[in-house]
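The values are calculated or read from the model by the stated rules, or taken from the named source; none is laboratory data. The structure presented is a predicted model; accordingly, all values stated were derived computationally and were not measured. A quick note on method: Cβ atoms are made from the backbone with ideal geometry, for glycine too, and the neighbour counts reach across all protein chains shown.
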Amino acid sequence: MTLSSPLLLAAGLLVTAALAWAAVVSARRRTAMLAAAGAAVTGGRRAYLGAGLTIAGVGVLAIATAGPAAMVPVPRTAGTVILAIDVSNSMGAGDVAPNRLAAAQRAARAFVAAQPDSVDIGVVAFERGALTTARPDADHSVALKAIDRLRLTGGTSLDTAITGALSAITGKQVAVGRDGEAPDIGYWPSATVVMFSDGQNQGGEVERAAEVAQRAGVHIHTVGVGTTAGATVKVDGYHLQTSLEEEPLTVIAQTTGGAYHPASDTARLDGIADTIDLRLTASDEPLPLAGGLIGLALVLITAGAALTVLRSGRVI
């Protein structure tokens, strides 16, 4: 328990102690006077119950004035979320209206809007390379502007998407070596990556990159944008058939402790924020106790006064 004003507590307890001392002295004098007069002393300790309740109420009130508060663990969504969004040319396919990238951007904006201020959100755009377009920040407008700026370009590299997201989380460059060597980037259990992609990976160490995230405690939720039937997209004058590849996205999610979320149509993408569970952390927050203590003090003082009046016909 914490106190906002310890001095008030000390002063209040001194007043309570003084009242208790005065009550004891008064009771002894009264007993002595009755004995000297030859009158019988009746009631015993019950005779002073009213005064005792009143003094106890004053003591409780003294504690209440000190502003007591109990530290209670409160669970809340918090931490860092990186939105890794595929901007490769295949994301221009129109099997999800108006096209995969535009649909992913809309879903990402809805996701950002659904998050509390306790979540820092960053944005990483990836194709063959990855670029942090917005560093993790509690100001979600920064992430929204970064999402709006995304444009189609290049191919797809899912391992680069993962290492790019980890770089944004750690604040330092993360890469998987050509020999498959996985770096130790520390432990980041409050970080989550949400990856929007059609899964059309063009080589790279995807599983090894996912293992780096797994060892770092970073969950990756993957969102498959597109349909397995696919669509034709025009790239550099050529018409190419492209379809959603779910397997690599599923592997990434399973390896890191996340989940794969298929989103083959606009409606499912729009509701993606409701299907992704972020980390819950417990933080100690003060719970004020003064209100309850004041109520208890009033009950004790009122009961004490009532007993005193019923017994002697006077308040003191």
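Remarks
- The strands (runs of 3 or more DSSP E) falling completely within region 51-127 that include 3 or more residues that are in contact (Cβ under 8 Å) with a residue 60 or more places away in the chain and touching a Pro at 6+ places or on another chain (Cβ under 9 Å) map to 68-77, 79-86.
- Residue check, Thr228 crowded, with 21+ Cβ neighbours inside 10 Å, in contact with a Leu (Cβ under 9 Å, 6 or more places away or on another chain), hydroxyl-bearing (Ser, Thr, Tyr) and assigned by TED's automatic domain parsing to the domain that holds Asp270: no
- Sole exception among (1) buried (at least 19 other Cβ atoms within 10 Å of the Cβ); (2) small (Gly, Ala, Ser); (3) more than 18 Å from Ala165 (Cβ to Cβ) for Ala130, by number: (3)
- Verdict on Arg128 being in the same structural domain as Arg100 (by TED's automatic domain parsing), within 17 Å of Val251 (Cα to Cα) and among the basic types (Lys, Arg): no
- Selection of first residues in region 242-256 that are farther than 19 Å from Val96 by Cβ and of second residues that are surrounded by fewer than 24 Cβ atoms within 10 Å (Cβ to Cβ) and among the hydroxyl-bearing types (Ser, Thr, Tyr), restricted to Cβ pairs under 6 Å at least 6 apart or on distinct chains, gives the following pairs, ordered by first then second residue: Ala253/Tyr260.
- Screening the candidates Gly224, Gly217, Gly164, Gly203 for the property of being in contact with a helix residue (DSSP H, G or I) (Cβ under 7 Å, 6 or more places away or on another chain) and either within 23 Å of Gly271 (Cα to Cα) or not in a strand (DSSP E or B) (or both) yields one hit, Gly224.
- Test: Val176 is of a type outside the set (S, T, N, Q) and within 17 Å of Phe196 (Cβ to Cβ): no
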